[in-house]
Amino acid sequence: FQNEINEVPFFDVQLPYELALKIFQYLGKAELGRCAQVSRTWKVLAEDEVLWYRLCQEEGYLLDMSISDHSCWKLALKNCRAREHMLKTNWKNRVGAVSQLRYEPGRVLCDVHCCDGVVMAGYTSGEVRLWDTRTWDYTAPVLAAVAGPGGAGAPPHVSFVRINSSLAVAAYEDGTVSVWSLLLGQEPIHHFQHNQRIQALALAPGGSAVATASGFQVRVESPDDRGFWQTPGTFEIQKLVNFLNLVPDVTGSPVAVAAAEDIVYLLKAEDPGRILHSVYGQPVTCLDVAAHEAAFGIKTFGWLLNEPNQILLYNLETNQCVTKVGSSIGDFSCVNLHSSPPNMLVAGNKDRRVRVFDVRRGAAACSVYGHQLGVSAVRMDDWKMVSGGEEGLVCVWDQRMAAKLWEMHSRHPVRLVWFNSHSLITANIPEEKNPRGSSITEDDPSLHRKYRGVIYSYEFSVDQLAVDSVLPICRSSYDELTGYNYNIGLAVPYDSI
């Protein structure tokens, strides 16, 4: 009967229930808990589903659900916060499971890309493989992509792979580009050819545009409204392109940002020759693009002593430099802007440091040191950073404490770092694609495992671990947290026997 009450006593005033609910909407979780202890009537009001649904949405939980999907939103918010705390603790203590996404026939890993837990890898055999790490089915690829029909002989090596939520793209050493749809199956839906080797490949994160750089030409391909692929733009560049990105969330024709030695181009179909940045003798060392901004590192050769190596942030709408951050002797080797928190970016340097910059202040908010060689891949969220080095070391950092939480090592340089709240994917890609040894002949398909490269998938959701994943005998049943738990899933290996 309490839910059907029409008037709520606020001490000496009688208020309608709807008006009292509007007042309670200004309270937080702690205040609602205190109000629930005042009286039975206030308890009914403080536990109204509308209030807790609003709090759950404001904190970023269950955004795709309506108020009728849960019977108790207060409990739903409690469970979401408990899961977030559990994941954060597991990240910090390296508690979880690790698996290798391995393609056994002895070929060398060429390139890896990831989108929302779906991993795409290309090999020297010319094959392209996909794994869906969200399903814990690591035994068979989700998609065994096959290149278009070619001539006789060995297929060309894969140069680059890119994937987003709907498309997968691979570029080969002979200048061929193949595009697959993740919804339509294993056969390519589009195929085109360059006359020269491809230097860079880009795929729009949320769209369907593909950009390639070959020789002195940048070519953009995208489907029209009926699904027929066309070329909305072909751009002639004065120098060879080193880095290429497509601007996400662009309506109309695709917009590309290309870095060719010391010139950065903004390539639009209506304005093809726009130069965003150009300083002679200062080559671009890394590039990343967000919806409205582009960040790239520049290198000086020492004759400008008052201007060390920096990262420039440009606004793509005004084409003006917003800020300059960083002051380092080493070259900035990687930068991540699109997946960083608002007004933040993270960069890796050849001086073995990882730096987090606040672009509003134009200063470094955090600088950490822990790699033996230069940093090759970085990514961050609101509390942690993950970096990979040329020596094969993957480091996880606490941003607030500026301290290393843990590290993992493999043989080859780390070229990919991707993570979300509960998983981490890293790829160690060899520099040498054709290793030669005493027991390896040129036409020998077998190759020692240490030369091939490896993709690691870490899962920190303990409640979702699969018993049939890698090394099930080492999945311990030891539940206490007071032990030394530095190795994933190996605290006490043989308790379950």
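The values are calculated or read from the model by the stated rules, or taken from the named source; none is laboratory data. On a predicted model such as this, the values are computed, not experimentally measured, just so you know. Positions of Cβ are backbone-derived with ideal geometry, glycine not excepted, and every protein chain shown enters the neighbour counts. Surface accessibility is based on the protein's heavy atoms, side chains included, excluding ligands, DNA and RNA. Shrake-Rupley method; radii C 1.70, N 1.55, O 1.52, S 1.80 Å.
Available extension along the chain between ASP64 and ILE189 is 41.9 nm, counting 0.36 nm per residue and deducting the alpha carbon span. Pairs of Cα atoms in the stretch 17-91 fall into 5 Å distance bins, from 0 up to the last occupied one, in shares of 3, 15, 25, 22, 17, 10, 4, 2, 1 percent. In this calculation the C-beta distance from GLU270 to LEU75 is compared with R0 = 51 Å, giving a FRET efficiency of 0.40. Averaged per residue, the stretch 279-429 has 40 square angstrom of accessible surface, using a 1.4 angstrom probe with ligands and nucleic acids left out. Among the chymotrypsin sites (Phe, Trp or Tyr not before Pro) within the stretch 285-345, those in coil by DSSP and having at most 16 neighbouring Cβ atoms inside 10 Å are PHE301, TRP303. Peptides 453-460, 82-89 ordered by packing proxy, namely the average of other Cβ atoms within 10 Å per residue, highest first: 453-460, 82-89.
Three semi-axes describe the equivalent ellipsoid of the stretch 383-433; taken as square roots of 5 times the Cα gyration tensor eigenvalues and ordered largest first, they are 22, 12, 7 Å. Our estimate of slack between LYS22 and VAL38, defined as 0.36 nm per intervening residue step minus the Cα-Cα distance, is 4.0 nm.
The relative contact order of the stretch 85-138, computed from alpha carbon pairs under 8 Å that lie at least 6 residues apart in sequence, is 23 percent.
With a sphere of radius 15 Å drawn around the Cβ of LEU266, what net charge do the other residues whose Cβ falls strictly inside it have (Lys, Arg +1; Asp, Glu -1)? Result for the local shell: -4. Most tightly packed first, judged by the mean number of other beta-carbon atoms within 10 Å of their residues, the peptides 57-70, 178-191 read 178-191, 57-70.
Within the shell of other residues whose beta carbon sits under 13 angstrom from the beta carbon of LYS74, the net charge comes to +1, with Lys and Arg scored +1 and Asp and Glu -1.
Eigen-decomposition of the gyration tensor built on the alpha-carbon atoms of the stretch 279-429 gives equivalent ellipsoid semi-axes of 24, 18, 14 angstrom, largest listed first.
Rolling a 1.4 Å probe across all protein chains gives VAL98 an accessible area of roughly 40 Å². Couplings 3J(HN,Hα) of the stretch 345-358, computed from phi: 8, 10, 9, x, 10, 6, 7, 6, 10, 10, 10, 10, 10, 9 Hz, in residue order, whole Hz [Karplus 6.51 cos²θ - 1.76 cosθ + 1.60, θ = phi - 60°; x for Gly and Pro].
A simple charge model with +1 on the Cβ of Lys and Arg, -1 on the Cβ of Asp and Glu and nothing else charged puts the dipole of the stretch 279-429 at about 220 debye relative to its Cα centre.
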